[in-house]
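First up is the structure itself, then whatever we jot down about it.
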Amino acid sequence: MWADTLLILFISVCTALLGEGLTWLMVYRTEKYQKLKSEVERQSKRLEKRKEAHGDSLDKQQKRKIEREEEKLKQNNRDLSLVKMKSMFAIGFAFTALLSMFNNIFDGRVVARLPFLPISWIQGLSHRNLPGDDYYDCSFIFLYILCTMSIRQNTQKLLGFAPSRTASKQGGIFGAPPQAYK
Amino acid sequence: MSTKTKTTEKNGSNGATNLKQPALESVWVRAFKSESEWPDKEEFLDVIYWARQFLGIAVGVLWGLIPLKGFVALLLFALVNAGIVYMYCTSFQKVDEEEYGGAWELTKEGFMTSFAGFLVTWIIFYTGLHSEGFRKDL
């Protein structure tokens, strides 16, 4: 069982690296993405600085200026997510296929023993396709998701591909609406 | 990497501070030194983020070795993780938490990733060291 556990850890490290590698090939290294990313970061920082400098004492003109900048930032964020979207879809499909392949390989196999009893709505995932009703048994998919959650984000951060906090706060890299300034 | 460039940019634009202190020590040195200066907020948040990841893995290994089990272990992880990071920020580095958007912002920085890392290491160590008995019963 432990060999399976370690194998899943290895698989998720490999898929995280492969995913980032493919995204780098298709997105991160393109000039358009780099230009848009630096533009979004620059704008986000400027916007944050401006908001910090003026605080609550905003007059109408400044407010309008900030709103205009926010609009610009939103547009750039939208463009950025569009650039990412196509390749993300391609990678998503490839990884879904890969995941279903691993799912078949580990089908019905207990890959780990959980040191806690998962709450009922997680049991469907942690005990997926496993025989018996010992909910301490862990399925492939649960461990894989956990591994991916931790490894993927850390890899992105290590390689410098994660969006900066300012950009995420100001509008989100995927074009989420900007937060209202407190 | 990108953090270094940010520091240079920040130092470059901060002329007045530059005259007093020509260059800041590396992030590593400042992270382990009490009451360091953090002109770039992102740098400090990065330190918190990586400290959390390390803490998550360390606690996961420890809980797996002991072994601690059940909901209590999860709760204890959350308390240890949030507590140590909060103490590090307020008592060791003595940063103004309001500058970072309040204590909550500092507490949640990288928490989910750290939690996932903790679960993975905890499960792996627990499975490797303490699960054989259960398998024999089956």
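The values are calculated or read from the model by the stated rules, or taken from the named source; none is laboratory data. Model, not experiment: these values are computed from the prediction. Glycine also receives a Cβ, built like all others from the backbone with ideal geometry; neighbour counts cover every protein chain displayed.
Can you pull out every residue in segment A:22-66 that is more than 17 Å from A:THR166 (Cα to Cα), at pLDDT below 85 and either acidic (Asp, Glu) or in contact with a strand residue (DSSP E or B) (Cβ under 7 Å, 6 or more places away or on another chain) (or both)? Of everything in segment A:22-66, those that are more than 17 Å from A:THR166 (Cα to Cα), at pLDDT below 85 and either acidic (Asp, Glu) or in contact with a strand residue (DSSP E or B) (Cβ under 7 Å, 6 or more places away or on another chain) (or both) turn out to be A:ASP56, A:ASP59. Tell me whether segment B:124-133 contains one or more residues that are surrounded by fewer than 19 Cβ atoms within 10 Å (Cβ to Cβ), in a helix (DSSP H, G or I) and away from chain A (no Cβ under 12 Å). No, segment B:124-133 contains no residue that is surrounded by fewer than 19 Cβ atoms within 10 Å (Cβ to Cβ), in a helix (DSSP H, G or I) and away from chain A (no Cβ under 12 Å). Checking each residue in segment A:130-176 for being at pLDDT 85 or above, touching a Leu at 6+ places or on another chain (Cβ under 7 Å) and either part of a helix (DSSP H, G or I) or more than 9 Å from every other protein chain (Cβ to nearest Cβ) (or both) picks out A:TYR135, A:SER139, A:ILE141, A:PHE142, A:LEU146, A:CYS147, A:THR155.
Listed by first and then second residue, the pairs linking a residue in segment B:92-118 that is within 30 Å of A:LEU114 (Cα to Cα) to a residue that is modelled with pLDDT of 85 or more and among the small types (Gly, Ala, Ser), with Cβ atoms under 6 Å apart and 6 or more places separating them unless they lie on different chains, are B:THR107/B:ALA82; B:THR113/A:SER150; B:SER114/B:GLY56; B:ALA116/A:SER150; B:GLY117/A:SER150; B:GLY117/B:GLY56; B:PHE118/B:GLY56; B:PHE118/B:GLY60.
Note on segment A:68-118: among residues that are without any contact (Cβ under 8 Å) to a residue 40 or more places away in the chain and among the aromatic types (Phe, Trp, Tyr), the one that is nearest to the other protein chains (Cβ to nearest Cβ) is A:PHE116. Among the residues of segment A:117-129, the one identified as crowded, with 19+ Cβ neighbours inside 10 Å and assigned to a loop (DSSP other than H, G, I, E, B) is A:HIS127. Within segment B:89-109, being buried (at least 17 other Cβ atoms within 10 Å of the Cβ) and touching a helix residue (DSSP H, G or I) at 6+ places or on another chain (Cβ under 7 Å) holds for B:CYS89, B:VAL95, B:TYR100, B:LEU106, B:THR107, B:GLU109. Picking from residues in segment A:5-42 that are closer than 30 Å to A:ASP137 by Cα and surrounded by 19 or more Cβ atoms within 10 Å (Cβ to Cβ), the one that is nearest to the other protein chains (Cβ to nearest Cβ) is A:THR5. There is no residue in segment A:11-21 that is modelled with pLDDT of 85 or more and under 30 Å from B:GLU98 (Cα atoms).
Across segment B:36-67, the qualifying residues are those that are among the β-branched types (Val, Ile, Thr) and part of a helix (DSSP H, G or I), and the one among them that is nearest to the other protein chains (Cβ to nearest Cβ) is B:ILE57. Considering segment B:28-40, and only residues there that are out of contact with any Phe, Trp or Tyr (no Cβ under 6 Å at 6 or more places or on another chain) and crowded, with 17+ Cβ neighbours inside 10 Å, the residue that is nearest to B:GLU99 (Cα to Cα) turns out to be B:ASP40. Within segment B:68-102, the set of residues being on the phi > 0 side of the Ramachandran plot and at the interface with another protein chain (Cβ under 9 Å from one of its Cβ atoms) comprises B:GLY70, B:GLY101.
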